Structure formats: structure tokens, C-alpha cells
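Here the structure comes first, spelled out in C-alpha cells, and everything after it is commentary.
The values are calculated or read from the model by the stated rules, or taken from the named source; none is laboratory data. Quantities reported herein were computed from a predicted structural model and do not represent experimental measurements. Here the Cβ is made from the backbone with ideal geometry for all residues, glycine too, and neighbour counts use every protein chain on show. What goes into the accessible areas is simple: the full protein's heavy atoms, side chains included, and nothing from ligands, DNA or RNA. Shrake-Rupley method; radii C 1.70, N 1.55, O 1.52, S 1.80 Å.
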Amino acid sequence: MKKEIIGAIELGISVTRRSFLKLAAVAAGAVAFGVEKARAAVKWLSPRKVQKSAATQLDKDVKVVHSVCLGCNARCGVRAVVENGKLVKHSGNPYHPYNHNYEPIPYNTPVKETFGLPSPVCGKSQDMPSYAYNPYRLLKPLKRSGPRGSGKFEPIEWEQMIQEIANGGKLFSHIGEDRVVPGIKDLNKDDLINPDAPELGSVRNQLVFIGGRDQNARSPFSARFVKQALGSVNRVGHTDICGIGFRMGTHAFTEKKQVEIKADPVSAEYILVIGSNIYEALQPGVNNYAATVAKRHSQGKVKFTIVDPRATNASVHAENWIPIKPGQDGALTMGMIRWIIENDRYNKEFLTAPNPKAADKRGHACYSNATHLVIVDDKHKNNRKFLRMSDINPALTGDAGKGYAVLNKENAPVAFDKVEDAVLDAEAVVKDASGKEIKVKTSFRLMKEGVMEHSIDEYAKIADVEKSQLENVAREFTSHGTRAAVTMYHGAGNYISGTYASYPVAVLNAMVGSVDRKGGFLQPGGGSAKWNEGMYDIKGFAGQRKLQGPIISREKFAYEKTTEFKKNGYPSKRPWFPFSKGGLCVETMSGVDEQYPYPCKILIHYFFNPIYSIPGGYRYVETLKSHDKVPLHVSIDITINESNIFADYIVPDITYAEGHYGFLNPHASPAKFRHNYKKRCPEIANYF
């Protein structure tokens with residue numbers, strides 16, 4: 001054995017305590033299998049002896065590029081190490097708040113002094129080289145050379161692809177298809193889709209563009225092409241399969257001003273985590289929000305409760321884990337609101353401020369409509385709507401007439417912006433200028449009545465949690481003043497009736513007055529610059545089209561405004577969604593499938609794989625196969641996937657490491673960034 005170890009040393013292996021044990025194993029192998037086989041095995045014991053280590057930012061002759069990651073939508077800062085034009089690795093950016101618990105190094109620190117500093121980034125970002133150099137990446141445009149779905153394509157030149165998609169014609173006669181395929185030029189006109197239903201708009205709307213990972217610095221240009229240049233209303237996102245349910249609750253709570261608000265990870269004392277996997281998959285990323293919360297928890301500065309059917313990793317640190325029944329987040333929070341009301345633990349100072357000025361004097365950055373009066377008179381034309389001053393005095397016009405009404409301390413109706421305090425919990429009868437009585441209630445009273453329809457025992461039973469758990473978390477949530485807030489994510493509303501479930505989750509924050517407060521429920525802080533301001537006017541150009549008609553997903557459009565409704569009444573063939581943040585890609589695909597409310601002529605997918613990513617998406621296979629439902633199908637992507645195998649043309653694109661110039665605000669961050677942390681720079685040249 002001694003002889004074999006000496007022989008191994010002669011091969012170039014330095015003996016340490018660790019390697020000695022390995023060499024002993026080699027020596028034993030030499031006895032059993034012979035010296036030659038042992039010699040062959042030695043090289044695998046020390047990879048550094050047989051292969052070059054990956055370049056780092058400390059090496060010479062490398063380029064270090066500061067950019068923004070898009071491995072997910074969190075948009076953390078990254079440093080890319082590029083050697084001989086090839087992306088070698090990603091690490092975090094020490095200047096970026098997302099990589100360092102909102103405490104990055106000073107922005108004026110010389111870059112050379114920072115190369116030795118550690119900076120975290122998650123595994124998705126570190127795997128960026130595998131994404132960029134995927135062996136299955138498309139390098140040239142592909143044109144279908146067999147039946148849809150056959151997997152048969154042929155490479156063509158860019159000019160040919162552009163001409164054919166633009167002009168249409170008998171594009172597939174070479175494979176025996178005699179049909180005339182519409183081109184973009186065929187839709188570039190103002191002919192109505194249906195002269196008998198002019199509200200549907202022109203044939204321009206028959207070009208449908210669905211974006212998957214269509215981000216800033218790319219999405220403005222797709223919108224410019226589809227909407228402003230061609231004039232189609234159909235540039236649709238994918239929000240519905242991402243997180244529209246919980247976002248719609250916040251959308252309603254903030255009167256359509258925000259969709260994603262979270263607890264302040266830096267200053268909150270208590271966070272109620274609902275349907276949000278903060279240690280594993282949250283946006284902001286795990287090395288940002290999760291790391292900040294975990295660090296502060298270890299210091300005893302923040303407590304949190306996990307509400308999730310599954311005990312997530314964060315449950316290890318949580319004060320409590322509430323294994324709620326899936327889809328019943330609304331029941332839990334409605335029960336909490338009832339407990340808060342019954343125990344008089346809501347923030348009256350915040351809720352009774354009827355306008356922004358009054359709230360500001362009390363130290364709040366926003367106000368609630370809790371004191372605003374709502375008409376509750378079946379005979380009134382504006383029943384179930386907020387009482388406006390013009391309802392009381394029709395002579396009032398403009399902003400004065402549109403102003404909300406509240407009750408002052410004498411229970412008289414007054415304009416909401418004329419008093420500093422208003423009645424919170426009341427119902428009354430007010431009179432208009434003619435003396436006609438109008439029954440009203442404050443919005444707080446209406447909310448309270450709705451909450452009181454079920455007992456706390458019933459709410460707990462619906463949510464499948466212990467009553468004591470519900471009461472304890474409500475007590476804890478109301479024990480930290482305005483430094484308690486909710487962090488909710490997809491699990492809090494991505495299901496049927498998710499908007500109604502996530503709305504009371506958001507209301508919890510108003511009950512304690514933590515909305516837009518340090519340590520509370522903070523809206524995104526924004527970024528340092530706007531993408532469309534500078535030397536060039538990106539948005540404005542001559543000949544912009546005026547959009548008309550409903551999106552094929554029927555979002556943000558009322559069915560009652562259609563000819564179909566006037567002729568047939570209810571029900572409609574498929575649902576319409578007048579109140580929606582938008583991005584209904586599932587309904588877009590269903591609209592294409594059912595040719596409702598009008599047929600699609602050209603379907604363009606951008607980094608979008610509906611058959612794979614939509615629940616039950618396989619039902620759209622026949623849709624994409626059909627030449628009648630989808631006369632022309634174009635996919636823009638970097639590889640072939642489950643959906644674009646049915647495309648007529650596949651257009652190769654670049655990864656975010658190769659391009660996607662522009663500013664990209666960090667996702668849903670409670671911090672406002674003063675510097676260009678969000679600027680995405682190309683790390684490498686185009687792969688093709």
C-alpha cells in the first residue's frame with residue numbers, strides 16, 4: 001500500500017489528510033485491479049489537476065457586466081462574468097438593494113474594490129449560462145414543412161419570413177396546402193369585422209398577440225407594433241395564469257391604483273404571510289425579501305405567521321402555522337375582521353380621516369373611504385354607489401359635484417374634503433335639494449354588516465382552522481400598531497372567487513392603519529427613471545392608430561354594450577370581464593377557439609407556451625391545429641416547445657443575457673431606488 005501511495009504522489013497528487021484517505025482507497029484498488037486501472041482512476045480524485053476552473057470576476061482578461069436578472073420576475077441585480085465573449089457565470093450585484101437586504105454597498109464605491117465581495121443570487125440566475133447556450137436553441141427562422149404538429153420545419157432566411165408573414169398568400173403550396181393564408185397587410189385596414197356589430201371594431205383586431213415573459217424594454221415595442229402601428233386591441237399578457245386572483249383583490253382595494261402590495265420586510269414587527277412562500281418562491285426574490293425577514297427574525301425584530309395548507313420552509317421560523325383549507329383565505333380573514341370589530345381593535349384614527357389632507361395631519365400617507373356614504377335605496381338610480389354631492393344638490397357641477405359625501409359630527413351630509421373628521425359606523429337618511437329622502441350607510445357599516453353575516457365559529461369551520469388560531473392571530477395582528485401587515489401572494493387568491501377572497505386580506509391592513517406606512521403594507525416604490533423619456537420619443541409617432549372594440553378575451557369591456565346583448569340578452573356565449581386588471585390569456589385562447597366574439601386571423605405567441613403553462617392547456621391542441629381557427633400562427637421563442645410545434649413560423653429570439661436593453665423596475669419592492677439599479681445591459685453578443 002505504501003508503494004502505491006508513493007506512486008500516486010509521483011503522478012502529481014499532493015497528499016493532505018483528506019486526499020490520503022482517497023489515495024488509500026486507490027492503493028487498495030491497485031491491489032485488487034492492478035496499477036494501470038488505479039492510475040486511470042487517480043485523475044478523477046482531484047478535478048483541479050485535469051480541468052480548468054471557471055473564470056471569476058477576480059481574474060484578468062474577463063469582462064464583468066452589471067445587469068438585471070430575469071430568471072424569474074423578481075429582477076435582482078447580477079454581475080455577469082464574460083470570458084472571451086462567452087458568459088461564464090452569474091453572481092449578485094453588491095450595489096443592488098435586492099441582493100443585500102436593502103443595504104447595498106455605497107453607490108460611489110469604486111468597482112475594482114468590490115470584486116472580492118460576496119453577493120448572493122439564487123440558483124436560477126446562476127444557471128443562466130445553461131439557458132443562453134441551450135443546445136436546442138433556434139438559430140434561424142423556421143417555416144413549417146409538414147402538417148401542423150408533425151414537427152417538420154425548414155430553415156428560411158429572415159427576409160423571406162418577414163415578407164411571407166407580412167404579405168400572406170399560398171404560403172404552404174409546396175407541401176400541398178392550397179389555402180390562401182392572410183398576411184398582416186390584409187388586416188391593415190379599417191373594414192369592420194362585422195358590419196352588423198360595429199362595436200367589435202375593424203379587422204385590425206383579428207391579429208392577436210399573447211405575451212409570456214414579455215417584459216419592459218421588450219413589451220413597449222410589441223405594444224407599439226400591435227396597438228399603435230397596426231391598431232389591434234389584442235396585445236394580451238398572461239396575468240391570469242400568473243396571479244390575477246390575489247392581484248385583483250388589491251386592485252379593488254386601492255381603487256385600481258395598485259395590484260401588488262406587501263408588508264415592509266425592513267421595518268415590520270409582525271407579518272401575516274398568506275399564500276406566500278417567502279423562503280422559496282416569492283417576488284421579490286428569496287435572497288431579498290426572505291433573507292431580510294430571516295435575518296430580522298434571528299435578531300428578534302420581526303415575528304410572522306404562515307397561513308398555508310402546506311408547512312413551507314418558513315414555517316420553521318414562524319410563530320404559528322395555520323394549515324388553512326385551500327381556497328378559504330377569505331373566510332379566515334373575514335373572521336379576523338369580525339374579531340377585530342367586536343373587540344374594538346381597529347384603527348379609528350386612520351379610518352375616520354375622510355380625505356388625504358386629514359390623513360396627512362394624522363401621519364398617514366393615504367386615507368380610506370370607510371366614512372364615505374353609500375346609497376342603499378332600491379328606488380334610487382345610483383343605488384349601491386357612493387353618494388356624491390350632486391346627488392344632494394344637482395346644481396353642483398365639476399369636481400364639487402363629483403365629490404364624495406360623509407356625515408360630520410352633527411350627522412349632516414357634507415363634502416368629504418371639507419372636514420377633518422367624519423362618522424365611521426352609521427346609517428342615515430339624507431335629503432336632496434328637492435326634499436327627497438335618500439337612505440345611506442357608511443362603507444364601514446356595509447363592510448361590518450357583511451362580516452357579521454357569519455359567526456367566528458362559522459368562519460373558522462369554513463376555513464378548517466381552530467377558532468383559537470383565528471382569534472390568536474387576529475389578536476397578534478392588532479398588537480403592533482401600524483407595524484403589522486400582510487404579505488400575500490398567489491396562494492391567497494389564485495382560484496375561483498379569488499378576488500373576493502383576497503379583498504378582505506387587503507382590508508386587514510386598513511383595519512390597523514398600516515397602509516403605506518413604514519413597517520406596514522407598502523406599495524412598490526418605483527425606480528430611478530422612465531424607459532420612454534430621453535433623446536427619442538419611443539411612444540409618439542405619426543400615423544398612430546386609434547383602438548376600437550373589445551379584446552378577444554372580453555376583458556375591460558361590458559357585454560351590455562354589445563349588439564349580441566341587445567339581440568339575445570343573457571347569458572353570453574362566454575363570460576365578459578368589465579372589471580379586470582387584464583392579461584386574460586386563457587380567455588384569449590378560448591376566444592380564439594370559439595371564434596368569439598370574433599374570429600382570429602393571425603395569432604402571435606411571444607415566449608408563450610399555452611399547452612404547457614395553462615392548466616388543462618392540452619385542450620388547445622386542436623385549436624392550434626385548425627387552419628380555420630388559426631389561419632396563421634407565428635411563435636417567437638428560443639426553442640421549440642409543446643405549443644409552437646403547431647406554429648407555421650418560429651422566429652428565434654435572444655435571451656435576456658444577450659439583449660433586452662432598458663430600465664426594469666424591481667418587482668413589487670417597497671423601496672424606491674434612486675440609482676440605476678434596474679438597468680439591464682446586454683452581457684454577451686447575440687448567439688446567432
Would you mind telling me which numbered condition in (1) assigned to a strand (DSSP E or B); (2) under 25 Å from the mean Cα position of the chain (by Cα) V651 fails? (2)
Scan the range 216-256 residue by residue and report those that are assigned to a helix (DSSP H, G or I) and of a type in the set (G, A, S). S219, S222, A223, A229, G245, G249, A252
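In the list G401, G435, G450, which residue meets the criterion of being at negative phi and modelled with pLDDT under 95? Write out each step before concluding.
Working: G435 fails: at negative phi; G450 fails: modelled with pLDDT under 95.
None of the others qualify; the one that does is G401.
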Hits in the range 672-688 - residues which are in contact with a helix residue (DSSP H, G or I) (Cβ under 8 Å, 6 or more places away or on another chain) and either open to solvent by less than 40 Å² (accessible area, probe 1.4 Å) or modelled with pLDDT under 70 (or both): F673, Y677, I684
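So that you can scan it fast, the table gives a plain yes or no per residue for (1) open to solvent by less than 40 Å² (accessible area, probe 1.4 Å); (2) more than 23 Å from F253 (Cα to Cα):
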residue: I341; (1), (2): yes, no
residue: R345; (1), (2): no, no
residue: K357; (1), (2): no, no
residue: R362; (1), (2): no, no
residue: L387; (1), (2): yes, no
residue: P394; (1), (2): no, yes
residue: A405; (1), (2): yes, no
residue: K409; (1), (2): no, yes
residue: K439; (1), (2): no, yes
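If you go through the range 137-164 one residue at a time, how many are β-branched (V, I, T) and either part of a loop (DSSP other than H, G, I, E, B) or closer than 14 Å to T639 by Cα (or both)? Write out each step before concluding.
Of the residues in the range 137-164, the ones β-branched (V, I, T) are 156, 162.
If we keep only those that are either part of a loop (DSSP other than H, G, I, E, B) or closer than 14 Å to T639 by Cα (or both) as well, we get 156.
Going through the range 137-164 one residue at a time, the tally reaches 1.
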Within the range 165-181, identify whether any single residue is in a loop (DSSP other than H, G, I, E, B), under 15 Å from the mean Cα position of the chain (by Cα), surrounded by 16 or more Cβ atoms within 10 Å (Cβ to Cβ) and in contact (Cβ under 8 Å) with a residue 40 or more places away in the chain, and answer yes or no. no
Among the residues of the range 513-535, which ones are modelled with pLDDT under 75 and open to solvent by 60 Å² or more (accessible area, probe 1.4 Å)? K530, W531, E533, G534
Filter the range 257-267 down to the residues that are within 16 Å of A510 (Cβ to Cβ) and in a loop (DSSP other than H, G, I, E, B), then identify the one that is most open to solvent (accessible area, probe 1.4 Å). K257
Just one of V406, V419, V414 is of a type in the set (A, V, I, L, M), under 21 Å from N355 (Cα atoms) and free of Cβ contacts under 8 Å to residues at least 12 places away in the same chain; which is it? V414
Could you give every pair whose Cβ atoms fall below 7 Å, whose first residue belongs to the range 345-374 and is without any contact (Cβ under 8 Å) to a residue 12 or more places away in the chain and within 14 Å of L424 (Cβ to Cβ), and whose second residue is open to solvent by 20 Å² or more (accessible area, probe 1.4 Å) and assigned to a loop (DSSP other than H, G, I, E, B), counting only separations of at least 6 or pairs across chains? A359/C366; A359/Y367
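Take the residues in the range 547-574 that are small (G, A, S) and either closer than 19 Å to R204 by Cα or touching a residue at least 60 places away in the same chain (Cβ under 8 Å) (or both), then tell me which one is surrounded by the most Cβ atoms within 10 Å (Cβ to Cβ). Break it down stepwise before answering.
Taking the range 547-574 and keeping what is small (G, A, S), we get 549, 553, 558, 569, 572.
Keeping just the survivors that are either closer than 19 Å to R204 by Cα or touching a residue at least 60 places away in the same chain (Cβ under 8 Å) (or both) gives 549, 553.
Values: G549: 22, S553: 30.
Among those residues, the one meeting the criterion is S553.
The rows are residues; the columns are (1) among the aliphatic types (A, V, I, L, M); (2) at pLDDT 95 or above.
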{"site": "T292", "(1), (2)": "no, no"}
{"site": "Q299", "(1), (2)": "no, yes"}
{"site": "T305", "(1), (2)": "no, yes"}
{"site": "M334", "(1), (2)": "yes, yes"}
{"site": "I337", "(1), (2)": "yes, yes"}
{"site": "D344", "(1), (2)": "no, yes"}
{"site": "K348", "(1), (2)": "no, yes"}
{"site": "H372", "(1), (2)": "no, yes"}
For the range 598-635, give me each residue that is without any contact (Cβ under 8 Å) to a residue 60 or more places away in the chain, in a loop (DSSP other than H, G, I, E, B) and within 29 Å of the chain's Cα centre (by Cα). G616, V630
